[in-house]
1. Only one of (1) at positive phi; (2) surrounded by fewer than 20 Cβ atoms within 10 Å (Cβ to Cβ) fails for residue 181. Which number is that?
2. Name, by its number, the condition in (1) modelled with pLDDT of 95 or more; (2) open to solvent by 10 Å² or more (accessible area, probe 1.4 Å); (3) more than 22 Å from residue 232 (Cα to Cα) that does not hold for residue 128.
3. So, residue 10, is that one hydrophobic (A, V, I, L, M, F, W, C), in contact (Cβ under 8 Å) with a residue 24 or more places away in the chain, at negative phi and open to solvent by 40 Å² or more (accessible area, probe 1.4 Å) or not?
4. Quick one: in the range 48-61, of everything that is aliphatic (A, V, I, L, M) and open to solvent by less than 30 Å² (accessible area, probe 1.4 Å), which residue is nearest to the chain's Cα centre (by Cα)?
5. Which number in (1) surrounded by 17 or more Cβ atoms within 10 Å (Cβ to Cβ); (2) of a type outside the set (Lys, Arg); (3) within 20 Å of the chain's Cα centre (by Cα) marks the one condition that residue 44 misses?
6. Do you know which residues across the range 149-178 are under 21 Å from residue 206 (Cβ atoms), of a type outside the set (Ser, Thr, Tyr), open to solvent by 70 Å² or more (accessible area, probe 1.4 Å) and part of a loop (DSSP other than H, G, I, E, B)?
7. Suppose we keep only residues that are open to solvent by less than 40 Å² (accessible area, probe 1.4 Å) and of a type in the set (A, V, I, L, M, F, W, C) within the range 131-141. Which one would you say is nearest to residue 177 (Cα to Cα)?
8. Answer yes or no as to whether residue 234 is open to solvent by less than 60 Å² (accessible area, probe 1.4 Å), more than 28 Å from residue 3 (Cα to Cα), over 17 Å from the mean Cα position of the chain (by Cα) and among the hydrophobic types (A, V, I, L, M, F, W, C).
Amino acid sequence: MIPHFEQPELHLGPFTVHAFGALVATAVLVGARIVERRAAAAGLPARDVRRFLEWTLIGGFAGAHLVDRLVYFPGETMRDPLSLFRFWESLSSFGGFLGGTVGALLFLRRHVPAGSRWPFVDSFAYAFPFGWIFGRTGCFVAFDHPGRPTSFFLGQQYRDGVVRHNLGLEEALYTVLIAALFFVLGRRPRYAGFFLGVFMVLYAPFRFAADFLRIVDVRYGGLTPGQWGCIALALGGAAILIVRRGAPATAA
């Protein structure tokens, strides 16, 4: 059992740096660096790659906040509409996926020829789990995804004194496995779209199952918003792998 601990904080005058924020920033930096290296190996222009990252990240953070407020906490948002504009509060991972996808698509449609778009997408998809490890570790130290009571050895004592699943920790550990697999698979040339499809197919079942352990999420038709998103991810990932299977391979 992991004992309860408060999220580490660093006080810098009037500002407080929380461990969650520091780890999310680390996730962005690590992921961006890997995207840039992967994209360079594929011969993509560095300036376009940086702009692609900017559009994707801005869309991702905006979507993460808006979906959290409108889908996960609609009642609270109705009582406090100004919370929609407090983008530093409350984030949803699937909202981030959705917003990041919108931002990426807008950039690609406006600035990249149709035949050159997939390498941008797959460079990001390859790097994503490496960054996601740090993001979910932030969720672990903040313990913002408490699950049901458990005797599992990775269970952690929550603030209510009950030992519960820390779903942030469990997802971070699962993501380590995906990142390790990507590291091995990435040593050989793969067709553009491969890593996006594989990530979607691998991530969806774990997250779908883990969401049954959540204790605070709203349900629609008996499923959490994340579980509905997992269904879309699994179907979309399978479709990408089938459609893109015969595409030319990109550099390892």
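The values are calculated or read from the model by the stated rules, or taken from the named source; none is laboratory data. Just so we're clear, the structure is a prediction, and the values are computed from it rather than from any experiment. Glycine gets a Cβ as well: all are built from the backbone with ideal geometry, and neighbour counts include every protein chain shown. Side chains are part of the model used for accessible areas, which takes the heavy atoms of the whole protein and leaves out ligands, DNA and RNA. Shrake-Rupley method; radii C 1.70, N 1.55, O 1.52, S 1.80 Å.
1. (1)
2. For residue 128, the failing item is (3).
3. Numbers: hydrophobic (A, V, I, L, M, F, W, C): yes; in contact (Cβ under 8 Å) with a residue 24 or more places away in the chain: no; at negative phi: yes; open to solvent by 40 Å² or more (accessible area, probe 1.4 Å): yes.
No: the conditions fail for residue 10.
4. In the first step, residues of the range 48-61 are kept if they are aliphatic (A, V, I, L, M); the result is 49, 53, 57-58.
If we keep only those that are open to solvent by less than 30 Å² (accessible area, probe 1.4 Å) too, we end up with 49, 53.
Numbers: 49: 19, 53: 14 Å.
Per the criteria, the residue is 53.
5. It is condition (3) that residue 44 fails.
6. 152, 153
7. By that ranking, first place goes to 133.
8. Values: open to solvent by less than 60 Å² (accessible area, probe 1.4 Å): yes; more than 28 Å from residue 3 (Cα to Cα): yes; over 17 Å from the mean Cα position of the chain (by Cα): no; among the hydrophobic types (A, V, I, L, M, F, W, C): yes.
So residue 234 does not fit the description; no.
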